[in-house]
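J.: Below are the structure tokens for one structure; questions will follow.
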Amino acid sequence: MVPITASYAYQIPSGDMDMRFGPNSNIGLEAYLKTKRNFFIGAQGGFIFGNNVEEYGLLRNVLNSEGFVLDADGQASTILIYERGYHVSGILGKIIPVVGPNPNSGIIVKLGVGYLRHKIRIETQNNVVPQLEGDYLEGYDRLSAGPSISLAAGYQHIGNRRLINFQITFESMLAFAKPLRAFNFDTGYADTTTRFDMLNGIRLGWTLPIFKRMADDFYIY
């Protein structure tokens, strides 16, 4: 069986990530090949997004005395700040069929090794703000990336009629991310410290199982 699962997770950051971002959403896609003994190997990935950014003083250098960011026409501009990122990993795991209608259902445990990347996205909407356009954004976006390891455990249900198929898991991801920008404009120095980033959350997924099917007819020549 090859289950393909589309999922959504609500995640809470911890470690160094908690000092930069608040809770975020994660839309993921996963596929793996399951053996007859209920072990599996596969891959997963996810897009991270949110609007809870807590980086203190990020735009201090572009604010005027009244606390506004002025555009090219000298007008106060609207600045939107978001969290953006993604992760990809290979996974190994096992399904333990202690509950559920068939051996494809039960407790599911997954171990993943991969790559996490995240940054702060700054949008100026309809305003042209020279100090926050093009390459200048790289001085504020805090782009960071590095290797990650994840662990997930929960329940997988594959219905006997293949109509009701879902996963619900608790997952935790740890990444050793390094800042990828040479210089931060707001602080005036480069950040070279390895980050200890963690994401913990609940993931809900809908699964499309693809079964290997034996031929119905046999031909003799």
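The values are calculated or read from the model by the stated rules, or taken from the named source; none is laboratory data. Everything numeric in this text was worked out from a predicted model, so none of it was measured. Because the Cβ atoms are built from the backbone with ideal geometry, glycine has one as well, and the counts that use them run over all protein chains shown. Surface accessibility is based on the protein's heavy atoms, side chains included, excluding ligands, DNA and RNA. Shrake-Rupley method; radii C 1.70, N 1.55, O 1.52, S 1.80 Å.
J.: Once phi is turned into ³J(HN,Hα) by the Karplus curve 6.51 cos²θ - 1.76 cosθ + 1.60 with θ = phi - 60°, what whole-Hz value does each residue of region 146-163 show in order, with x for glycine and proline?
T.: Taking θ as phi minus 60°, the curve returns x, x, 9, 9, 9, 9, 9, 8, x, 10, 10, 10, 10, x, 4, 9, 6, 9 Hz for region 146-163.
J.: For the full complex of protein chains and a 1.4 angstrom probe, list 30, 55, 66 by accessible area with the highest value first.
T.: Numbers: 30 15, 55 40, 66 140 Å².
Solvent-accessible surface, decreasing: 66, 55, 30.
J.: What pairs from 34/119; 110/212; 34/178 go past 25 Å between their alpha carbons? Show your work: numbers first, answer last.
T.: Numbers: 34/119 35 Å; 110/212 22 Å; 34/178 35 Å.
Result: 34/119; 34/178 exceed 25 Å.
J.: Also, quick follow-up: Give the range of the longest stretch in the chain that excludes all trypsin sites (Lys or Arg not before Pro) found in loop regions by DSSP and having at most 11 other beta-carbon atoms within 10 Å. Don't skip to the answer; put the middle values down first.
T.: On the way: sites that count: 36, 37, 161, 212, 213.
Here the longest segment lacking exposed loop sites spans 38-160.
J.: In debye, nearest 20: dipole of the chain around its Cα centre with unit charges on the Cβ of K, R (+) and D, E (-)?
T.: Numbers: 20 positive and 20 negative charges, 322 e Å.
With Lys and Arg at +1 and Asp and Glu at -1, about 1540 debye.
J.: On full extension of the chain, what length is gained from residue 47 through residue 60, given 0.36 nm per residue of separation minus the C-alpha to C-alpha distance?
T.: Numbers: separation 13, 0.36 × 13 = 4.68 nm, distance 2.89 nm.
The span from residue 47 to residue 60 would gain 1.8 nm if fully extended.
J.: Comparing 80, 58, 204, which has the greatest mean-square fluctuation in the GNM of the chain with Cα pairs linked when under 10 Å apart?
T.: 80
J.: Let me ask something additional. Would you report the distance distribution of C-alpha pairs in region 85-193 as whole percents per 10 angstrom bin, up to the bin with the largest distance?
T.: For region 85-193, the binned pair fractions read 13, 27, 22, 17, 14, 7, 0 percent.
J.: In 5 Å bins starting at zero, report the fraction of Cα pairs in the chain per bin as a rounded %.
T.: 1, 6, 13, 16, 13, 11, 9, 8, 7, 5, 4, 3, 2, 1, 0, 0, 0, 0
J.: Let me cross-check residue 123: its accessible surface, 1.4 Å probe, with only protein heavy atoms counted, in Å² to the nearest 10?
T.: Only protein atoms counted, so the area is about 40 Å².
J.: Also, quick follow-up: Over region 77-132, what lengths in whole Å, largest first, do the semi-axes of the equivalent ellipsoid take, defined as the square roots of 5 times the eigenvalues of the alpha-carbon gyration tensor? It would help to have the intermediate numbers written out before the result.
T.: On the way: eigenvalues 410, 39, 7 Å².
In descending order the semi-axes read 45, 14, 6 Å.
J.: Report, by chain and number, residues whose modeled amide H sits under 5 Å from the one on residue 178, excluding near sequence neighbours (fewer than 5 apart, same chain).
T.: So residue 178 has HN proximity to 145, 146, 195.
J.: How large is the accessible surface of residue 18 in square angstrom, using a 1.4 angstrom probe and rounding to the nearest 10?
T.: Solvent-accessible area, nearest 10 Å²: 80 Å².
J.: Using only Cα atoms, locate the centre of region 8-39 and the centre of region 65-94, then give the distance between them in Å, rounded to an integer.
T.: After rounding, the separation between the Cα centres reads 21 Å.
J.: Can you tell which of 129, 98, 69 shows the greatest fluctuation in a Gaussian network model of the chain with Cα springs below 10 Å?
T.: 98
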